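Q: The structure is given below, and queries will be raised subsequently.
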Amino acid sequence: MSMHTPIRSAKNSNLLEFLEQQPAHLRAFYAAIAEALPPQYRLSSSGIAHRAPMGSRALPFCSPFRVKALVEEPKSKTWSRVIELLNPRGELVECLLTEGTLTGRPRDAIAKLSDRGLQVSNDYQIKTILELIRTWPVPTEAYRTLITKVGWSPARDAFTLTSGRILTRKGAAAAYQFGGDPVGEEIGSLETWRAHIAALATGNTNLVFAICLGLSTPLLASTDLGTLIYHFFGKTSRGKTRLLQTAMTVWPKLWGKEKTWAGTINGLEGEIAKSHSILLGLDELRSDGTPDLQAVIYRFANGTSKAKGRKEGGALDREDWCTAVISNGEDPFVDVLSQLGGIPTGGQGVRMLDIPATGRWGIFDNLHGAETSDDFVDHLDRAIKKSWGAAGAAFVERLLERDVETLEEEVAADMRRHRKALQAHLDIRDGDEATTEIRRVLRSFALVATAGEWATDWGLTGWDTGEAYAAVQTIAERWVKGRGRLPFDQIQTLKKVRRYLEKNEHRFTPLSTVQRKGGGGYGDQTEFRDDTSFYLRPAALTTMAEDLGISKTSQILEALSAGGYLESGGEKNSQQFKMPLIGSERPRAYRIRRTILTYDGDDDTSPTHPKDPEE
């Protein structure tokens with residue numbers, strides 16, 4: 001290793017000359033080492049060495065390092081030292097070593113330092129290196145509180161980006177140190193993001209919504225909302241992936257491949273645990289890639305990891321999160337779940353939303369002068385490469401200008417305003433039991449609108465006031481229209497009934513032939529049909545319920561009635577219909593409108609909410 005001018009302390013007359021020889025970004029690092037290094041050692045740009053007798057020179061026993069801070073983990077009260085070192089690439093990196101590791105497991109400590117890039121000349125100097133670290137003077141102003149995950153700190157006075165950078169509220173009670181491994185990179189500036197990505201989103205409802213969704217995740221901590229999955233589905237391939245990427249540019253670019261749904265519940269749990277307060281993007285939902293989808297939806301929404309044990313005994317601390325997920329795939333999640341043999345439930349329907357990914361050109365509405373949607377995608381791809389993380393950081397910095405209580409009050413007020421506007425637009429009234437689930441989800445849409453409008457007011461997006469809300473309103477309307485206004489469980493029941501009738505219609509006896517069968521009368525037949533309806537006697541309804549895995553026939557009847565498909569015979573308090581008199585028989589049956597065969601869960605196919613003839 002080549003040697004530079006050695007120095008002994010910060011007061012040494014050679015210090016300034018030495019620092020001038022170093023790259024500008026490393027001068028403070030070397031100056032701090034020189035200030036704290038004991039007099040029996042000397043420093044060069046190649047490392048730290050023992051001070052040799054006059055006329056001789058000792059080679060460095062390790063590359064340069066210093067103890068930058070002393071940090072405490074709040075829960076365990078464990079103390080650690082933050083070692084800043086120069087790796088072989090000439091980059092400054094940090095390594096966290098607990099005091100227990102330094103004193104009790106010295107080989108583990110030196111191994112961890114070596115893994116981070118510390119160069120050690122020989123094994124004989126390991127004790128010297130660790131002794132230097134243990135005795136390195138750390139001033140009280142360099143004491144820190146350890147943060148081990150991204151997003152908000154427990155006191156919500158600091159926010160850690162996936163790049164490892166910590167944004168702190170002015171006057172925060174503690175100084176913080178990130179103890180996790182950075183997994184992302186900040187690229188470009190806010191100006192670049194606004195001019196290239198946010199500008200292309202203008203006029204594109206899906207892109208504007210995706211950006212607003214990305215910005216909304218830091219606001220979740222100021223509400224009682226939990227993690228929600230927004231799943232965009234459609235046959236277009238390039239558009240949906242670009243939608244996800246556009247949303248993710250709000251935050252630092254994650255290293256490695258883009259995240260997908262392929263994996264086990266434990267693997268996906270690990271991904272969302274690393275996305276607390278920061279949007280998680282999951283590409284390509286398919287039945288052959290996510291066998292645990294049903295459990296994953298609930299695990300994500302619960303916001304807490306499953307209990308896990310330590311190898312040495314005891315339990316690991318549970319991980320927790322509160323964030324949002326943007327997802328895409330060719331099919332709605334309810335279809336994917338059915339392909340997996342699962343039964344979609346109301347609980348899943350308010351935790352994962354199926355949103356049709358539609359626009360004039362694929363998912364796009366405005367090509368901004370491009371001749372084709374492919375040309376626009378190419379333009380968007382180039383823009384996406386230029387800036388990651390600047391928008392989210394700037395948004396959080398504005399949030400940190402408010403104290404926790406003020407922020408909660410302002411979020412609640414704007415959420416309430418946007419929720420009321422959404423309900424008015426969708427003609428959904430408070431207190432309506434049938435739309436309880438929809439109103440619950442509209443609060444989340446209102447939060448997304450709040451984030452987008454705040455970012456616009458603060459000059460982060462360059463959009464006109466109201467564009468963010470308009471995009472959220474369109475997406476919310478699209479979700480409600482595709483979902484239908486009935487409770488989710490009733491929608492799924494109606495779909496099951498439709499499939500049952502489609503499959504078994506050939507078994508239903510035409511009413512016009514009943515009189516000729518068996519010399520007249522209904523006999524023991526229980527299923528009938530004509531041009532307008534299906535007729536099921538009570539025994540036939542019970543058979544249907546058993547085949548569909550539904551425990552109570554009342555669940556079917558409630559769904560049919562709510563959807564407008566059950567026609568009674570006009571008798572008071574009776575859901576049954578008196579069949580036509582044939583011979584001496586006039587049995588009762590449940591009459592189901594044949595129009596259920598066109599039901600697909602949305603408002604356009606439900607007689608309760610017919611399609612607007614002007615559409």
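The values are calculated or read from the model by the stated rules, or taken from the named source; none is laboratory data. Fair warning: this is a prediction, and the values are worked out from it, not measured in the lab. Note: ideal-geometry Cβ built from the backbone for every residue, glycine included; neighbour counts use all protein chains shown. The area values use the complete protein model at the heavy-atom level, side chains included, leaving out ligands, DNA and RNA. Shrake-Rupley method; radii C 1.70, N 1.55, O 1.52, S 1.80 Å.
Q: So PHE508 ticks every box in (1) within 30 Å of ARG194 (Cα to Cα); (2) touching a Lys or Arg at 6+ places or on another chain (Cβ under 7 Å); (3) crowded, with 18+ Cβ neighbours inside 10 Å; (4) of a type outside the set (A, V, I, L, M) but one. Which box is left unticked?
A: Just one mismatch for PHE508, condition (1).
Q: Just give me the residues in segment 112-141 being under 40 Å from the mean Cα position of the chain (by Cα), free of Cβ contacts under 8 Å to residues at least 12 places away in the same chain and open to solvent by less than 90 Å² (accessible area, probe 1.4 Å), in sequence order.
A: Once the filter is applied, which keeps residues that are under 40 Å from the mean Cα position of the chain (by Cα), free of Cβ contacts under 8 Å to residues at least 12 places away in the same chain and open to solvent by less than 90 Å² (accessible area, probe 1.4 Å), segment 112-141 yields SER114, PRO139.
Q: A further question follows. For segment 399-441, name all the residues that are under 20 Å from ASP489 (Cβ atoms) and of a type outside the set (Gly, Ala, Ser).
A: ILE428, ASP432, GLU433, THR435, THR436, GLU437, ILE438, ARG439, ARG440, VAL441
Q: Is it the case that THR264 is within 17 Å of the chain's Cα centre (by Cα) and crowded, with 21+ Cβ neighbours inside 10 Å? Before the answer, list the steps.
A: Working: within 17 Å of the chain's Cα centre (by Cα): yes; crowded, with 21+ Cβ neighbours inside 10 Å: no.
Against the criterion (within 17 Å of the chain's Cα centre (by Cα) and crowded, with 21+ Cβ neighbours inside 10 Å), THR264 does not qualify.
Q: To continue, here is another question. Filter segment 71-104 down to residues that are basic (Lys, Arg) and on the phi < 0 side of the Ramachandran plot and give me whichever is modelled with the lowest pLDDT. Break it down into steps so the answer makes sense when it comes.
A: Within segment 71-104, the first condition is being basic (Lys, Arg), and the residues that meet it are 75, 77, 81, 89.
With on the phi < 0 side of the Ramachandran plot added as a condition, the list becomes 75, 81, 89.
Numbers: LYS75: 87, ARG81: 96, ARG89: 94.
Out of the qualifying residues, it is LYS75.
Q: What are the pairs, 6+ residues apart or on separate chains, where a residue within segment 208-221 that is more than 19 Å from PRO252 (Cβ to Cβ) and of a type in the set (Phe, Trp, Tyr) has its Cβ under 8 Å from a residue that is in a helix (DSSP H, G or I) and open to solvent by 10 Å² or more (accessible area, probe 1.4 Å)?
A: Listed by first residue and then by second, the contacts come to PHE209/THR474.
Q: May I pose another question? Need a quick list: strands (runs of 3 or more DSSP E) entirely within segment 13-84 having at least 3 residues that are touching a residue at least 40 places away in the same chain (Cβ under 8 Å) and of a type in the set (D, E, K, R). I'd like the intermediate steps shown before the answer.
A: Numbers: elements: 41-44, 47-50, 65-72.
Fully inside segment 13-84 and qualifying: 65-72.
Q: Does segment 442-461 include one or more residues that are open to solvent by less than 10 Å² (accessible area, probe 1.4 Å), among the aromatic types (Phe, Trp, Tyr) and either over 30 Å from GLN490 (Cβ atoms) or in contact with a strand residue (DSSP E or B) (Cβ under 7 Å, 6 or more places away or on another chain) (or both)?
A: Within segment 442-461, none of the residues are open to solvent by less than 10 Å² (accessible area, probe 1.4 Å), among the aromatic types (Phe, Trp, Tyr) and either over 30 Å from GLN490 (Cβ atoms) or in contact with a strand residue (DSSP E or B) (Cβ under 7 Å, 6 or more places away or on another chain) (or both).
Q: Across segment 162-219, what is the total count of residues that are under 19 Å from the mean Cα position of the chain (by Cα) and among the aliphatic types (A, V, I, L, M)?
A: Qualifying residue count for the region: 8.
Q: Scan segment 400-420 for residues that are buried (at least 16 other Cβ atoms within 10 Å of the Cβ), aliphatic (A, V, I, L, M) and part of a helix (DSSP H, G or I) and jot them down. It would help to see each step written out before you state the result.
A: Pass one, segment 400-420, residues buried (at least 16 other Cβ atoms within 10 Å of the Cβ): 400, 407-408, 410-411, 414-415, 418-419.
Among the residues that remain, those that are also aliphatic (A, V, I, L, M) are: 400, 407, 411, 415.
Result: LEU407, VAL411, MET415.
Q: With modelled with pLDDT of 95 or more and out of contact with any His (no Cβ under 7 Å at 6 or more places or on another chain) as the only criterion, which of ARG107, ARG156 stands out? First the steps, then the outcome.
A: Numbers: ARG107 fails: modelled with pLDDT of 95 or more.
Result: ARG156 is the single residue among ARG107, ARG156 that is modelled with pLDDT of 95 or more and out of contact with any His (no Cβ under 7 Å at 6 or more places or on another chain).
Q: Being assigned to a loop (DSSP other than H, G, I, E, B), in contact (Cβ under 8 Å) with a residue 40 or more places away in the chain and farther than 17 Å from LEU228 by Cα is the requirement here; does SER287 meet it?
A: Numbers: assigned to a loop (DSSP other than H, G, I, E, B): yes; in contact (Cβ under 8 Å) with a residue 40 or more places away in the chain: yes; farther than 17 Å from LEU228 by Cα: yes.
Considered against the rule, which asks whether it is assigned to a loop (DSSP other than H, G, I, E, B), in contact (Cβ under 8 Å) with a residue 40 or more places away in the chain and farther than 17 Å from LEU228 by Cα, SER287 comes out as yes.
Q: Taking the criterion of being more than 29 Å from PRO154 (Cα to Cα) and either aromatic (Phe, Trp, Tyr) or out of contact with any Lys or Arg (no Cβ under 6 Å at 6 or more places or on another chain) (or both), would at least one residue in segment 408-416 satisfy it? Walk me through it before giving the result.
A: Taking segment 408-416 and keeping what is more than 29 Å from PRO154 (Cα to Cα), we get none.
No, segment 408-416 has no match at all.
Q: Among strands (runs of 3 or more DSSP E) lying entirely in segment 518-595, which contain 1 or more residues that are open to solvent by 40 Å² or more (accessible area, probe 1.4 Å) and without any contact (Cβ under 8 Å) to a residue 60 or more places away in the chain?
A: On the way: elements: 527-529, 533-536, 588-593.
Hits in segment 518-595: 588-593.
Q: Quick check: is even one residue across segment 155-163 surrounded by 15 or more Cβ atoms within 10 Å (Cβ to Cβ), β-branched (Val, Ile, Thr) and touching a residue at least 24 places away in the same chain (Cβ under 8 Å)? Steps first, answer last, please.
A: Step one: of segment 155-163, the residues surrounded by 15 or more Cβ atoms within 10 Å (Cβ to Cβ) are 156-163.
Narrowing the set further to residues that are β-branched (Val, Ile, Thr) leaves 160, 162.
Within this subset, residues satisfying the condition of being touching a residue at least 24 places away in the same chain (Cβ under 8 Å) are 162.
Checked segment 155-163: at least one residue is surrounded by 15 or more Cβ atoms within 10 Å (Cβ to Cβ), β-branched (Val, Ile, Thr) and touching a residue at least 24 places away in the same chain (Cβ under 8 Å).
Q: Can you find a residue in segment 480-500 that is in contact with a Cys (Cβ under 6 Å, 6 or more places away or on another chain) and surrounded by 20 or more Cβ atoms within 10 Å (Cβ to Cβ)? Full working, then the answer.
A: Step one: of segment 480-500, the residues in contact with a Cys (Cβ under 6 Å, 6 or more places away or on another chain) are none.
No, every residue in segment 480-500 fails to be in contact with a Cys (Cβ under 6 Å, 6 or more places away or on another chain) and surrounded by 20 or more Cβ atoms within 10 Å (Cβ to Cβ).
Q: Conditions first: (1) open to solvent by 70 Å² or more (accessible area, probe 1.4 Å); (2) within 24 Å of the chain's Cα centre (by Cα); (3) at pLDDT below 95. GLU397 passes all but one, so which condition is the exception?
A: Failed condition: (3).
Q: Given the conditions (1) open to solvent by less than 40 Å² (accessible area, probe 1.4 Å); (2) farther than 20 Å from ARG351 by Cβ, and given that TYR230 satisfies all but one, which numbered condition is not satisfied?
A: Every listed condition holds for TYR230 apart from (2).
Q: Here is a follow-up. Looking at ILE110, ILE133, ILE126, which is the one that is farther than 25 Å from GLY180 by Cβ, touching a helix residue (DSSP H, G or I) at 6+ places or on another chain (Cβ under 8 Å) and among the β-branched types (Val, Ile, Thr)? Walk me through how you get there before you give the answer.
A: Values: ILE110 fails: farther than 25 Å from GLY180 by Cβ; ILE133 fails: farther than 25 Å from GLY180 by Cβ.
Among ILE110, ILE133, ILE126, only ILE126 is farther than 25 Å from GLY180 by Cβ, touching a helix residue (DSSP H, G or I) at 6+ places or on another chain (Cβ under 8 Å) and among the β-branched types (Val, Ile, Thr).
Q: Here's another thing I want to ask about it. Enumerate the helices (runs of 4 or more DSSP H) found wholly within segment 320-399, keeping only those where 2 or more residues are within 22 Å of LEU279 (Cα to Cα) and in contact (Cβ under 8 Å) with a residue 40 or more places away in the chain. Don't jump to the end; show me each part of the working.
A: Details: elements: 333-339, 346-349, 373-384, 390-399.
In segment 320-399, the matching helices (runs of 4 or more DSSP H) lie at 346-349, 373-384, 390-399.
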